[in-house]
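J.: Provided herewith is a single structure, encoded as C-alpha cells, for subsequent inquiry.
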Amino acid sequence: MIVQNRASEGCTVITDFQTAGRGQRGNQWQGAPAENLMLSVVWQPTFLAATEQFRLSQAVALGVHDWAAALLGPDPKLKLKWPNDLYYGNQKLGGILIENSLSGPKIQHSIIGIGLNINQQELALPTATSFAQLTGRAYDRAALAARLLECLERRYLQLRAGQVGELRRDYLQALYRYQETHPFVIDGQTVSGQIVGVEEDGRLAVAIGNELRRFGLQEIRHG
C-alpha cells in the first residue's frame with residue numbers, strides 16, 4: 001500500500017491471523033486465530049532524523065503501555081522490556097516491531113507492527129501470558145484496537161511536539177528491571193549487571209562491576 005501511495009498517515013491494517021508474523025531478533029510471532037490483536041500502523045515521522053529512530057520506538061512502546069495500564073489499572077508488574085516488548089511480571093504480553101524507510105537523513109515512513117495476547121488462554125511458551133489469563137475475562141478486540149490507536153496517537157503527538165525529555169522519563173519509569181541487579185547473557189557468558197539507562201541511539205547502558213557498557217539488540221539478553 002505504501003509503494004502504491006495508498007497508505008496515508010495513520011493507515012492501519014488489522015488481521016485475525018497471520019502465518020508469517022515476525023518479532024525482534026528474527027523470532028517468529030505466533031498467535032491463535034481470532035483471539036488476539038495483530039495490527040500494523042503507518043506513520044510518517046519526517047521530522048525525525050535517522051539517528052533518532054529510538055525516539056519513535058519509545059513513543060510507540062509508551063502508547064502500548066498506556067493502553068495496557070488503562071486495562072489493568074496501575075500495576076507495578078506492567079513493564080516495557082527493552083527495547084519495546086510489553087511484559088507483566090516476567091511474562092510477555094505483546095511485542096512491537098518497527099520498520100523505518102529512510103529518505104536521506106530523515107525517516108520517510110514507519111510501519112509499526114504490534115502483536116498483543118488478548119483472549120488466548122493456551123500459549124505455547126510459559127514465558128508468555130494474555131490479558132484474559134491475567135483478568136479471567138474476555139475482551140472485545142475491536143474496542144481494544146480503537147483505544148490502542150488513541151493511546152498511540154497521543155504519544156506520537158507528544159513526540160512530534162518535541163517532548164522527548166518527557167518521553168524518555170516515562171520510558172525509564174516503565175522499563176523492566178531498571179536499576180535492579182539481574183543476570184545478563186553476553187557473548188554466551190552470564191554476568192550480573194544493572195540497567196542504568198538507554199542511550200539516544202537505543203543502546204542499553206548496563207553497569208557490570210565497575211564498568212559501564214552499552215549494548216545493541218543482538219549483543220545482550222536477560223538471563
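The values are calculated or read from the model by the stated rules, or taken from the named source; none is laboratory data. Here the structure is a predicted model, which means the values were calculated and not measured. Backbone-built Cβ (ideal geometry, glycine too); neighbour counts: all protein chains shown. The area values use the complete protein model at the heavy-atom level, side chains included, leaving out ligands, DNA and RNA. Shrake-Rupley method; radii C 1.70, N 1.55, O 1.52, S 1.80 Å.
J.: Could you check the range 167-203 and list, in sequence order, the residues that are charged (D, E, K, R) and open to solvent by 70 Å² or more (accessible area, probe 1.4 Å)?
T.: Listed by number, the residues that qualify are 168, 169, 180, 187, 200, 201, 203.
J.: Also, quick follow-up: Taking the conditions exactly as written (hydrophobic (A, V, I, L, M, F, W, C), within 20 Å of the chain's Cα centre (by Cα) and closer than 15 Å to residue 60 by Cβ), does residue 217 satisfy them or not?
T.: Judged against the criteria, residue 217 is not a match.
J.: Give the number of residues within the range 114-131 that are assigned to a strand (DSSP E or B) and either without any contact (Cβ under 8 Å) to a residue 60 or more places away in the chain or open to solvent by 20 Å² or more (accessible area, probe 1.4 Å) (or both).
T.: Final tally of qualifying residues: 1.
J.: Among (1) surrounded by fewer than 19 Cβ atoms within 10 Å (Cβ to Cβ); (2) of a type in the set (A, V, I, L, M, F, W, C); (3) in contact with a helix residue (DSSP H, G or I) (Cβ under 7 Å, 6 or more places away or on another chain); (4) closer than 14 Å to residue 62 by Cα, where does residue 152 come up short?
T.: That leaves (1) as the condition not met.
J.: Here's another thing I want to ask about it. When you look at residue 206, is it closer than 20 Å to residue 85 by Cβ, assigned to a strand (DSSP E or B), open to solvent by less than 40 Å² (accessible area, probe 1.4 Å) and hydrophobic (A, V, I, L, M, F, W, C), yes or no?
T.: Spelling it out, residue 206 is indeed closer than 20 Å to residue 85 by Cβ, assigned to a strand (DSSP E or B), open to solvent by less than 40 Å² (accessible area, probe 1.4 Å) and hydrophobic (A, V, I, L, M, F, W, C).
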